[in-house]
Every structure is written in structure tokens, then in C-alpha cells.
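The values are calculated or read from the model by the stated rules, or taken from the named source; none is laboratory data. Owing to the predicted nature of the structure, the values given are computational and were not obtained by experimental measurement. When we count neighbours, we look across all protein chains shown, and the Cβ atoms used for this are built from the backbone with ideal geometry, even at glycine. For the accessible areas, the whole protein counts, side chains as well, though only heavy atoms, and no ligand, DNA or RNA atoms are used. Shrake-Rupley method; radii C 1.70, N 1.55, O 1.52, S 1.80 Å.
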Amino acid sequence: MGYPKDLLSSRSIIKHGLYALITPEGLVNNIIPGFENCTISILGSPRLGASFVDYIVTMHEGGKNSQGYCGEADVETFVYVLNGKVKAKAGEEEFVLEDSGYLYCPPGVKMYLENLESGDSRLFLYKQKYKPLEGKKPWTVSGHANQIEFRDYDDMHNVHIKDLLPTDIDFDMNFHILSFDPAASHPFIETHYQEHGAYLLSGEGMYNLDNEWIPVKKGDYIFMGPYVHQAAYAVGREPLAYVYSKDCNRDAS
Ligand code: UGY
Ligand code: MN
């Protein structure tokens with residue numbers, strides 16, 4: 001995307017272990033072995049204090065990862081298509097993902113991606129070490145978020161949420177989309193054990209991080225570490241919406 005890059009300003013804020021706002025102007029290209037014809041930036045990672053890794057991936061024409069991504073016995077992966085069209089495989093199972101399409105690969109299953117566009121496709125990619133639970137095993141999940149109905153968030157009619165993965169105890173995390181109508185807000189400032197990595201899909205707003213109100217907008221990425229104060233309200237004419245991960249279904253450790 002054509003974000004202006006200059007030496008005079010940056011909206012990014014980095015507080016290791018606590019939170020980070022990573023804006024698109026400062027992103028650089030990172031080579032990830034196995035990805036061909038792709039421009040990739042690592043966002044949240046253990047170096048920032050996250051227990052997961054998030055990436056923004058631009059797959060150019062012919063972009064693919066022929067050897068497959070991850071597949072280790074204890075690593076789960078998730079991909080969300082921001083725009084474009086990709087062939088995505090979980091092992092041998094094949095899916096075609098267009099805008100808002102996503103795929104979750106359980107531990108031990110490699111993720112294969114191939115751009116089907118003659119231009120670019122843009123993806124939000126995630127991996128995390130899976131926390132096992134005796135007798136339980138998550139499974140491959142795919143869908144398109146824009147085919148899932150929103151429900152009211154916390155009994156509020158102007159804030160909406162949808163879950164992208166099953167809520168079964170087998171899963172140790174979920175991806176959600178949270179959307180605030182213009183002027184809507186969280187009902188309170190949250191402080192909780194779980195972490196988030198959030199990619200802003202639309203709109204503009206103010207985000208409270210560690211009790212500071214910070215302007216944010218479409219294209220920004222936010223890492224929220226455990227317990228950090230967090231809340232948002234939308235400004236402007238479009239809903240403020242983001243896709244984000246949240247760990248769940250496991251005891252504190
Ligand atoms: O699910 C959540 O914890 C979510 N409400 N957090 C957030 O939007 N920062
Ligand atoms: Mn939260």
C-alpha cells in the first residue's frame with residue numbers, strides 16, 4: 001500500500017512486553033525461508049513480548065510457499081486474507097480464500113499458500129506454540145468472515161463481534177472480528193491475562209493502551225500484552241473494525 005515514508009515522524013509506539021502500535025509507514029521487508037515472490041513484515045513476536053508471531057504478507061504474482069509453512073508437532077497457524085485470492089492448503093486439504101477468507105492449521109499440519117491473483121494478495125498470518133490438553137485435539141477450520149453474522153458485543157447494540165474459530169475446549173486461542181459503529185466504544189477499560197495481536201481492517205479511532213489514548217486507523221497493528229489497559233472508541237464515518245487473536249480455554253501458567 002502506498003503509505004508515505006519519511007524521516008520526520010512516526011506514529012509507531014513500542015513498549016516491549018506491554019503494548020505496541022506498529023504503523024505501516026515503518027515496516028521493512030523480512031525474508032522468511034520458503035516464501036517466494038512475497039514481501040513480509042514480522043509484527044508481534046517473542047522479541048516484542050508476544051507469545052505468538054504475526055506477519056503481514058504481500059504475495060506478488062506467482063507468490064507461494066511450496067515447502068509449506070510450519071507443520072511442527074506443537075505449532076498452530078492461522079491466515080486471514082485482507083484482499084486478493086489465494087489457494088490455501090492444510091496438508092492435502094485445499095481451500096480458495098478471497099477477501100476475509102481464513103484457514104486455521106492445527107499443530108502438525110503444514111500450511112501451503114499460493115497467490116491466484118495476477119496482482120498482489122495481502123494476508124495477515126499468525127503462528128503460536130499450541131498448549132495441549134489431554135485427550136483434546138483441534139482440527140482444520142476454514143471459512144470467510146464476511147459470511148459469519150455479527151452478534152452484539154457485551155449487550156451493546158453499536159459494537160459487534162464474530163468468532164472465526166470454534167469455541168470448543170480443544171482450541172487454545174480464537175480469532176475474532178470486533179467492529180465499533182462511529183462513536184461506539186468498549187463498555188469499560190479492560191485489564192486481562194490474555195494477549196492480543198490486532199490488525200485494523202477499517203475506520204479510525206482512539207485506543208486506550210496502558211491508560212493513554214492514542215489515535216489509530218486502518219492498516220495499523222496493535223500488540224496488547226497481558227494485563228495492559230485496553231479500550232477503544234470509533235471516530236469518523238466508518239466502523240472501526242479489527243481482526244484479532246485471543247488465547248482462551250487454558251489455565252494460567
Ligand atoms: O476480547 C477482548 O478481550 C477484546 N474486547 N479486547 C479488545 O478489543 N482489546
Ligand atoms: Mn481484550
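Entry remark, the stretch 6-52: residues being assigned to a strand (DSSP E or B) and of a type in the set (Asp, Glu) number 1 in total. Scanning the stretch 138-161 turns up at least one residue that is surrounded by fewer than 17 Cβ atoms within 10 Å (Cβ to Cβ), under 21 Å from Gly219 (Cα atoms), modelled with pLDDT of 95 or more and within 16 Å of ligand 1 (Cβ to nearest atom). Would you confirm whether any residue within the stretch 50-66 is more than 19 Å from the chain's Cα centre (by Cα), open to solvent by 10 Å² or more (accessible area, probe 1.4 Å) and at pLDDT below 95? Checking the stretch 50-66: at least one residue is more than 19 Å from the chain's Cα centre (by Cα), open to solvent by 10 Å² or more (accessible area, probe 1.4 Å) and at pLDDT below 95. Selection over the stretch 118-140 of residues that are free of Cβ contacts under 8 Å to residues at least 60 places away in the same chain and in contact with a strand residue (DSSP E or B) (Cβ under 7 Å, 6 or more places away or on another chain) gives a count of 4. Taking the stretch 73-103 as the range and being surrounded by 14 or more Cβ atoms within 10 Å (Cβ to Cβ) and either touching a residue at least 60 places away in the same chain (Cβ under 8 Å) or in a loop (DSSP other than H, G, I, E, B) (or both) as the test, the residues that pass are Glu76, Phe78, Tyr80, Leu82, Gly84, Lys85, Gly91, Glu98, Asp99, Ser100, Tyr102.
If you go through the stretch 207-247 and keep only what is in a loop (DSSP other than H, G, I, E, B) and either within 11 Å of ligand 2 (Cβ to nearest atom) or farther than 24 Å from Gly101 by Cβ (or both), you end up with Asp210, Asn211, Gly225, Pro226, Tyr227, Val228, His229, Gly236, Arg237.
Note on the stretch 189-206: residues that are within 13 Å of ligand 2 (Cβ to nearest atom) and either in a strand (DSSP E or B) or among the hydroxyl-bearing types (Ser, Thr, Tyr) (or both) amount to 6.
Summed over the stretch 152-172, residues that are aliphatic (A, V, I, L, M), within 19 Å of Pro138 (Cβ to Cβ) and in a strand (DSSP E or B) total 0.
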